[in-house]
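Just so you know, all these numbers are worked out from the coordinates, no wet-lab data involved. As the structure is a prediction and not an experimental result, all values here were calculated from the model. Don't worry about glycine lacking a Cβ; one is built from the backbone with ideal geometry, like all the others, and counts go over all protein chains shown.
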């Protein structure tokens, strides 16, 4: 493996045999050894039967040019099966610059430099077809002839594409297709039928396909999960907490249950008025062990992805919904965080143990809130559940006091919730209620996460921090310019803390523009990420923070659990000849936290984008039969080409193009984020509420299209253009070319 890693060129069986002086029967043994190493995931085989370290880049491989930024070319592997997103390589062209463009494929030698990779082109390969995900639809083509079109799933796509070959797919199917030809002659050829995205509980398939989210577990992973689920669970090496009335409080539609909580007044005279609390988290590290098939698959996924119609879990359901899910009345393995909270709400001490728990109840947020408010238990609960809730609330009052003193960023942004009926249809789309029971659990989880980070720091152990850096100066300048349009000052010279933003929010508390102010503040924030170099968590106003509380659905939390096992010597009996013995982190992963953090941060962003897109698609599906109706909307963004708006109470984004606003010219004011008419009669600004006519709702892409209720009749040039240059006529029944003449093969309109 050292020879493979250190060799400057491609390493195949021949190069290995020559280097080690192998002949005859030794070559046969070498072939068997390399097959075993490949099967065990120690090495990967690249095209051309060259070997490289598992999860890494081959020394010589095929790359695809992904972006051109200034004078720099960036490429990604043409095929990538490693954990996490594919690496991005800077292409180092020698001598005269070639005419490489985005999408071109090259055979290149790769080299690791610092924390990144560079590529040296060896040969330009035949251009590969561009792949696109979309849905097949019937619509009219040139001359009014019915044709099959591919409607892209990407909201940013400007065209539908004529389909040259449907393969075995049918109308309405979600497909992956390759695009061939250039310009108006581009055609789509279906290469894979993915399924029917409009079947009940299936709209998320579009995002899964578009973002290439792994959603099917291999046979080896499932087999290992089943073996892990049979591991013995005994009190040996564990703290027995089964007598405590520990409860789990989760969303009513929760698919898994990572965490449970318990609290009781502290009888210690030195902490009068304080509480002792336990945050019990599913002990996933006992079942998912380093270097096993389960671990490799969990790292490749990075996190679970939650859609209205399904969850794509990080772990097979045998674990995620089975032995790792904390369920009432069943013995479960847990990692217990013991907290001591003083009367000011400060967590003064903590300790971690591996434990055995048996929950008293799994309670929905709404049930917990109602029981506490009415001081009355539900009939199915044990007698000690209501007192347990009362203790949890009393301890939380102290934690909330400490939170208020810390003054973390308080952005109360609405969360959309899609409610499906039993048949998978959309019953309702609403804003999720924000209850005290939700804040209660949130504060207990934050306390445990801080304790995990500080406990590892105390042992000088590696920590996978959750990092949220302060806003950049550039974003603060942009926020300042925006606030000035509200006659609101914002001093850049002050020390920027979350409390600064909270005071700003309080100043608009009685203002209709508060949602826009909070969105502007949100846009000024940096993106949180995972890594071993601590920079604190700006939003939570915390110096040390790690994710510990959701190892079923986040790989970062599993890393933290393993680090705690190593640091506090928490290995427990439970070995199996079919599973790796170790449950701790291990030296290799401890040294590789930076690389792991980059990978799972990117996978988290992919999941968030996929989840947001799917909600938009459900909103579009919900509105699809309301085309032509007037809806109450709010402007969410302004650009030189028009403004974007969202439907009040539902969400979803749609464009109102500037060309539909009338004959008067409009000017874009970037600082104020407004579109102003030439003579100052009309102005459109972010946050403005207005009525709009919904013209189209596209469930495939999630895009909406609006017009003003009294918009002038759209001219020919304002009608949507096809990829072949044609547009629908005024009646919407036939395709016409430029200047409105009937389209035919010889006369195609140009792209607008």
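Suppose R0 equals 41 Å. What FRET efficiency, 1/(1 + (r/R0)^6) with r the Cβ-Cβ distance, do residue 168 and residue 472 give to the nearest 0.05? It would help to have the intermediate numbers written out before the result.
Details: r = 50 Å, r/R0 = 1.22.
Once rounded, the FRET efficiency stands at 0.25.
So between residue 74 and residue 626, what do we pick up on full extension, going 0.36 nm a residue minus the alpha carbon distance?
Difference between extended and current length: 194.3 nm.
Between residue 485 and residue 216, how many nm apart are label points set 7 Å from Cα along the C-beta direction?
About 4.9 nm separates the two model spin labels.
Would you mind ranking 548, 159, 641, 352 so that the residue whose beta carbon has the fewest other beta carbons within 10 Å leads the list?
Numbers: 548 33, 159 18, 641 12, 352 22.
Placing the least packed residue first, the sequence is 641, 159, 352, 548.
With a point put 7 Å past each Cα toward its Cβ, work out how far residue 185 is from residue 667 in nm, to one decimal.
4.5 nm
In nanometres, what is the gap between the two model label sites at residue 14 and residue 154, each 7 Å from Cα along Cα-to-Cβ?
4.0 nm
Nearest 0.05, what FRET efficiency do residue 510 and residue 272 give at R0 = 35 Å with Cβ-Cβ as r?
About 0.30, to the nearest 0.05.
Report the full-extension gain for the segment residue 111 to residue 192: residue separation times 0.36 nm, less the Cα-Cα distance, to one decimal in nm.
Full extension from residue 111 to residue 192 adds 25.8 nm.
Take every DSSP beta bridge whose two residues both sit in the chain, then give the antiparallel share in percent to the nearest 5.
Beta bridges within the chain, antiparallel portion: roughly 90 percent.
Please compute the length gained on full extension between residue 533 and residue 376, using 0.36 nm multiplied by the number of residues separating them and subtracting their Cα-Cα distance.
Once the chain is fully extended between residue 533 and residue 376, it gains 51.8 nm.
Between residue 351 and residue 400, how high is the FRET efficiency from 1/(1 + (r/R0)^6) when r is the Cβ-Cβ distance and R₀ = 25 Å? Nearest 0.05.
Once the sixth-power term is evaluated, E becomes 0.60.
Within the range 442-472, what residues put their amide N at less than 19 Å from the label point 7 Å along the Cα-to-Cβ vector of residue 526?
The answer is 463-472.
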